[in-house]
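Below is one structure, written out as structure tokens; the observations come after it.
Readers should treat all values here as calculations from the given coordinates under stated rules, not as data from a laboratory. All values derive from a computational prediction rather than experimental measurement. Here the Cβ positions follow ideal geometry from the backbone for every residue, glycine too, while neighbour counts run over all protein chains shown.
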Amino acid sequence: MHFASEQRLDDGVLEREFTLGEIPGTLWTPESDAPVPLILIGHNGGLHKREPRLVARARQSAAYGYAVAAIDHPGHGDRPRSAVDDQARADLRRAMAAGEPVDEIFESFVGPLVEKAVPEWQSTLDALLSLPEIGGPVGYSGMTAIGIRLAVVEPRIAAVGLFAGGYVPRAQREEARQVAVPLLFLLQWDDEGNPRQRALDLFDAFGTEEKTLHANMGGHAGTPWFEVDDGDRFFGRHLK
């Protein structure tokens, strides 16, 4: 892991840009005399690791006392995008706007992303946990499909907070039954991109005995800010 830059923000959080092989990322750490727990923070669509909403969430959680890391997934942010991926995104937007079935388009795009991104998160986790200022345990907050796979295959993940998505690849819908760690599931009731009933069915499918659903009115990008605070308290119960 190579740190390319760092700055101390006005809230005392240290923000560092890093690369791990081809993976670009950002790490936020609080001022602390002891190693702190870690939250991996993911994003959806083609969002950049420096997307303002993601950065705001990361800084809030770092100020709460966590180390927080974000990476750009393959084909996202600063990483090269293929013509195939761009076409899949365009096809997905067109089909959703027209009210056409999107499952197969989504499957062809997000399924391979999960297969590529999860091993990268695991390599990033190896590197982050070798830093003296980070001690674990580890949580994941973000994209539903990647969070499900990480919770199933990565034993170091102790809790997950997921932004409810009705469109989840078939493999992750099945894997949801194997998730055994505590879960916080955020649902936007009027999400224009994710059918409500499918998200509710997915929540029902999760195998963990400790799962909580927070539903708020509003569209896809309208998650209330207080859910960030609630998320930090959720992770506080399981990571501290």
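What to note about this one:
- Surrounding net charge for ASP204, when Lys and Arg each add one and Asp and Glu each subtract one, Cβ distance under 15 Å: 0
- FRET efficiency for the GLU22 to GLU104 pair, using the beta carbon distance and R₀ = 25 Å, is estimated at 0.30.
- Every Cα-Cα pair of the range 13-110 was included, and the share exceeding 17 Å stands at 58 percent.
- The GluC sites (Glu not before Pro) of the range 1-46 meeting both criteria, a DSSP state outside H, G, I, E and B (loop) and at most 16 other C-beta atoms within 10 angstrom of the site's C-beta, are GLU22, GLU31.
- Environment charge at PHE109 (Cβ cut-off 14 Å; Lys +1, Arg +1, Asp -1, Glu -1): -1
- The alpha carbon centroids of the range 188-221 and the range 77-95 are separated by 25 Å.
- Remark: the range 1-147 carries a charge dipole of roughly 260 debye about the Cα centre, counting +1 on each Lys and Arg Cβ and -1 on each Asp and Glu Cβ.
- The angle between the Cα long axis of helix 226-239 and the longest principal axis of the Cα atoms of the chain comes to about 60 degrees, rounded to the nearest 10.
- For the range 90-205, the spread of Cα positions along each principal axis, largest first, Å: 51, 27, 22
- Qualifying chymotrypsin sites (Phe, Trp or Tyr not before Pro) in the range 192-240, DSSP loop, other Cβ atoms within 10 Å at most 11: TRP225
- Applying both filters, DSSP loop and at most 10 other Cβ atoms within 10 Å, to the GluC sites (Glu not before Pro) of the range 93-188 eliminates every site.
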